[in-house]
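Below: one structure, written as C-alpha cells.
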Amino acid sequence: MKLPKAGAVAGVIVLALTASGCGAGEEAKQQKIAIGIKFDQPGLGLREDGKFTGFDVDVATYVAKELGYKPEQIEFKQVYSSDRELMIQFNEVKFVVASYSINDKRKAKVDFAGPYFVAHQDLLIRSNENEITKAEDLNKKRLCSVTGSTSAENVKAKVAPKAELQELGGYSECLVALQDTTLDALTTDNSILAGYAAQPQNVGKFKLANLNLSNEFYGIGLKKGDKDLQKKINDALRKMVKDGSWDKFVQQNFGAAQTAAQYRHEPAPQITEGR
C-alpha cells in the first residue's frame, strides 16, 4: 500500500482550511439582522416607495452599525403596537425600535434598552375644532387610538371617563376617520401626531391640542434576559448622543413638525434600563 507524501497531505489540509475559512468569512458578510419598526409613522418610522425614513429608523441603523452591521445587512420588519412583544419573543426580530413606551406591563414580557427619546401623550384634532381645549372635553366625544396602544385607555381612565373609544388597526386609519368626521380626536404621543400633521398633504387640516397628558419614554425592546445585547445597545445610545448624531436625527426628522405643528422635543433622556 502506497502512502501519500507528507507534502501532499499538508497541501490537502491547507486547501481544506482555506476553503473553510473563506466560507465562514462569506457567511459573516451575508449575515442579516432583523429589526422591528413601524411602517406608517411619518417622522418616526415610514416606508414609502421602498425607502425607510424616520427618527426610529435612524436610531435603529446607528445601533445596528455599532453592533457590527452595515445598512445593507439590515432587514426592517413591520411591527404593530399589538404584536411587538410577540415579534421579539418568537425571534422574528432581534430588537424593536418603534415608538415603544417603557412600562411595567411590557417589561414583564420583554427587556428594554434606553430610553432614547421622551414624548408626551397629546391629541390631534381638526384645524377647525374649537370645542376640545382640554382632556376633559373628550367626554362624550369619539376618540380613536390604535389597537395595542395604551393611549386611549389612559385618557378614559384618568380624565375623560365618558369618552367613546374606537380602536383601529393603525394610525393611518385613525387619521382617515378623523378627517371625514367619523371621529373627533386621535390620541397618542405628540411625536407621532406631529409627524402626521407635518405631512405636506395634511398641513392646515389638523392641529395639536398641546396637552401633555403623560410622559412616554421610548425604549428599544429586546428578548427578556438578553443582558449582553441590552448593554451593547445602551452603549450605542450613549455614543449616539455624545457624538451629536441624536441631535442630527431629531432635526432632520422633526424639523418640519416644529413649524407645522408647533412641536417641541425634549432633550435626550438619561438611560435607566439595564442598571
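The values are calculated or read from the model by the stated rules, or taken from the named source; none is laboratory data. Remember, predicted model here, so these are calculated numbers, not experimental data. Cβ sites come from the backbone with ideal geometry, for glycine too, and all protein chains shown count toward neighbours.
Filter segment 71-128 for residues that are modelled with pLDDT under 95 and among the hydrophobic types (A, V, I, L, M, F, W, C); which is farthest from His265 (Cα to Cα)? Checking each candidate, the answer is Ile125. I need the helices (runs of 4 or more DSSP H) fully contained in segment 148-231, keeping only those with at least 3 residues that are surrounded by 16 or more Cβ atoms within 10 Å (Cβ to Cβ) and aliphatic (A, V, I, L, M). Helices (runs of 4 or more DSSP H) meeting the threshold: 171-179, 190-197.
The residues of segment 213-253 that are at pLDDT 95 or above and of a type in the set (A, V, I, L, M), listed by number, are Ile220, Leu222, Leu229, Ile233, Ala236, Leu237, Met240, Val241, Val250. Of the set (1) assigned to a helix (DSSP H, G or I); (2) within 20 Å of Leu46 (Cα to Cα); (3) charged (D, E, K, R), all apply to Arg106 but (2).
Annotation note: of Ala34, Ala19, the sole residue that is at pLDDT below 85 and either farther than 30 Å from Asn202 by Cα or part of a strand (DSSP E or B) (or both) is Ala19.
Just so you know, in segment 133-147 the residues that are in contact with a helix residue (DSSP H, G or I) (Cβ under 9 Å, 6 or more places away or on another chain) and not in a helix (DSSP H, G or I) include one that is nearest to Leu46 (Cα to Cα), and it is Val146. Close contacts from segment 149-161, counting a first residue that is outside the structural domain of Arg106 (by TED's automatic domain parsing) and a second that is surrounded by fewer than 19 Cβ atoms within 10 Å (Cβ to Cβ) and in a helix (DSSP H, G or I), with Cβ to Cβ under 8 Å and a gap of 6+ residues or different chains, come to Val159/Glu136; Ala160/Glu136.
Quick check on my filter: what residues within segment 40-73 are in contact with a strand residue (DSSP E or B) (Cβ under 6 Å, 6 or more places away or on another chain), of a type in the set (A, V, I, L, M) and not in a helix (DSSP H, G or I)? Correct list: Leu46 only.
Only one of the numbered conditions (1) touching a Ser or Thr at 6+ places or on another chain (Cβ under 6 Å); (2) of a type outside the set (D, E, K, R); (3) in a strand (DSSP E or B) is not met by Pro115, and that is (1). Among the residues of segment 116-147, those that are surrounded by 20 or more Cβ atoms within 10 Å (Cβ to Cβ), among the hydrophobic types (A, V, I, L, M, F, W, C) and under 30 Å from Ile233 (Cβ atoms) comprise Phe117, Ala119, Val146.
Every condition in (1) free of Cβ contacts under 8 Å to residues at least 60 places away in the same chain; (2) among the polar types (S, T, N, Q); (3) in contact with a strand residue (DSSP E or B) (Cβ under 8 Å, 6 or more places away or on another chain) holds for Ser99 except the one numbered (1).
How many residues are among the polar types (S, T, N, Q) and modelled with pLDDT under 90 if we restrict to segment 167-186? Residues flagged as among the polar types (S, T, N, Q) and modelled with pLDDT under 90 within segment 167-186 amount to 1.
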